[in-house]
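Data first, discussion second: the structure below is written as structure tokens.
Since every read-out is calculated from the coordinates, none of them should be taken as a lab result. Just so it is clear, the model here is predicted, and its values are computed rather than measured. Methodologically, a virtual Cβ is constructed for each residue, glycine included, from the backbone with ideal geometry; neighbour enumeration extends over all protein chains shown.
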Amino acid sequence: MNVSMILDMAAEGFGDRVVIGRAQDGLTPVRLRELSAGGARAVRAAEADAIVYLATNGPAFAVAQFAAALAGVPLVPVNYRLGEEQLDALLANHPRALAVAAPDQEVAPRRAGLTVRSPAEWLTEAAANTDGDVEPRLSDAPAVLIYTSGTTSTPKGVVLRHHNLVSYVLGTVEFAAADPAEAALMSVPPYHIAAVSNVLTNLYAGRRTLTLDHFSPEGWLALVREQRITHAMVVPTMLARIMDAAGLDRSVPSMRSLAYGGARMPVRVIETALRTWPRVDFVNAYGLTETSSTVSVLGPAEHRAAVASEDPAVRARLGSAGLPVPGIEIQVRDVTGELLGAGETGQIWVRGEQVSGEYAGQGSAVDERGFFHTRDRGHLDTDGYVHIEGRADDTIIRGAENIAPAEIEDVLLRHPDVLDAVVVGVPDEEWGQRIEAVVVARDGAKADAGALRAAVRGTLRGSKTPDRITYWTELPRTVTGKLVRRDIVAALTAPENGTKGQP
């Protein structure tokens, strides 16, 4: 099994349809296959054992993905925003790789002794080697190696094999399901699992894929209208910025579906988006790099039902991650491994052919039953909907009580004066940890700390009320919207900040 079979099927099924890039000058599946074969020849000629991709998204990335598959080597998309020390450490793991690096990113791979091509040079070299087909190597070698974001620990290399990715595509997408006019806009960087999986799923469906290198609400909306985007994927911070920016023309006449994921979506933001775009189908996709992308989905019907319902249990589903996709089993367990019942919070485990749970140099992390521990905490409701309550590492233990920051953050984010918020636990001699919140106020708003604490106390209870609220101008997040909590805790506990904030 090899992911190149998806490219072959697309080339045979709709070979003259543009599937990568802009409608006027993009790549057809036939041309993508030719360039990928040329890229594979370049990889073999260089005797490279991987393609390291260190650039923004675009056609060169899709060619690199399939060239690696045909050559039988892994694609390694690397976070070009990493610091020099982290970047050097990652590149040292791939001393024989061919690097596709943007001109402003060439220093690190050259320092590592790698063969380097710019995206333009890579495409030119691929185009010069398109004579004849390349027979793919069909062993189930690693197809992609993605390093985790490292928001709570040192990044680990997640190994995704060909059968993981192909199983995900075949289990979640119908071949040739898209009509020729459909176009999908991806706004995540190539080192995110959604970038990898969306190249495959959209190609398999026959849907044209475009990318946006640098996100801004204005730029995103303009591209949606210009290219008549029908489907898009954003992370929560992007949707929040689109909804919150003043004076924007938010009309998206061509849009049919908007998927979001990568981090928790504030309920306030999705409610606003549903009101703003009532004809758009919203989809919440929950997944991890280790699971080859999505493992559960909250679909359009559930979004609309949740907004329209007066039943608290149904409305709560708007904050859920929906139901498992075909082929995926989800369990919630306690710390001893015992299964928990509906409504009981514990650790989320997943199983399925698309689930890798494998780390480079460390082997498999799945248990004897084939389940992978996501390290997310949450629960299943009585109808099987998955409710994510945050990372297990984020849980605040105050006294003997486990407290999920997410439920406190939800209350703060519903306040009209609050633009963004995070809740963390910091060391405390009496309680073990105390609760602290960092809030970003809306422009011109006061966001009174007393009122915010009262809102939490009135909605939850006293033991979940932040002991201190601090105001910042912005929160540290990755490009995919994940909060870098360790940086927040470090800043709050730094000696010079010990007395900052408003109690």
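Points worth noting:
- Ratio of Rg to Rh over region 271-315 (Cα coordinates, Kirkwood Rh, two decimals): 1.07
- Projected-area average for region 243-312 over all orientations - Cα convex hull basis, square nanometres: 5.9
- Interchain or long-range residues, amide H under 5 Å from A259's placed H: A232, M233, V234, V283
- Relative frequency of Cα-Cα separations exceeding 44 Å in the chain, percent: 14
- Each Cα pair under 8 Å and six or more residues apart adds its sequence gap; the mean of these over the residue count of region 1-147 is a relative contact order of 31 percent.
- About its Cα centre, the dipole of the chain is roughly 680 debye, where the only charges are +1 on Lys and Arg Cβ and -1 on Asp and Glu Cβ.
- Relative contact order (%) - the chain, alpha-carbon pairs under 8 angstrom, separation at least six: 11
- Long-range HN-HN contacts of T209 with modeled amide H, under 5 Å: I20, G21, A184
- Size of electric dipole in region 395-497: Cβ of Lys, Arg +1 and of Asp, Glu -1, about Cα centre, debye, nearest 20: 240
- Cα gyration tensor, region 395-497 - rounded (a/c under 1.5), prolate or oblate: oblate
- Isotropically averaged projected area of region 330-393, using the convex hull of Cα atoms (one quarter of hull area), nm²: 4.8
- GluC sites (Glu not before Pro) restricted to region 370-431 and DSSP loop, no more than 11 other C-beta within 10 Å: E429, E430
- 222 nm mean residue ellipticity, helices alone, for the chain (DSSP H n ≥ 4; -39,500 (n - 2.57); rounded to 500): -9500 deg cm²/dmol
- By average C-beta atoms within 10 angstrom, highest first, the peptides 159-172, 52-65, 4-17: 52-65, 159-172, 4-17
- Measuring between their Cα centroids, region 252-292 and region 1-65 lie 28 Å from each other.
- Computed over region 2-54, the alpha-carbon pair-distance distribution with 5 angstrom bins reads 5, 19, 21, 22, 18, 11, 4, 0, each value a whole percent.
- The eigenvalues of the Cα gyration tensor, multiplied by 5 and square-rooted, give region 186-275 an equivalent ellipsoid with semi-axes of 21, 16, 12 Å from largest to smallest.
- Per-q log10 I(q)/I(0), region 54-103, q = 0.14 Å⁻¹ (Debye; single scatterer per alpha-carbon; no solvent): -0.36
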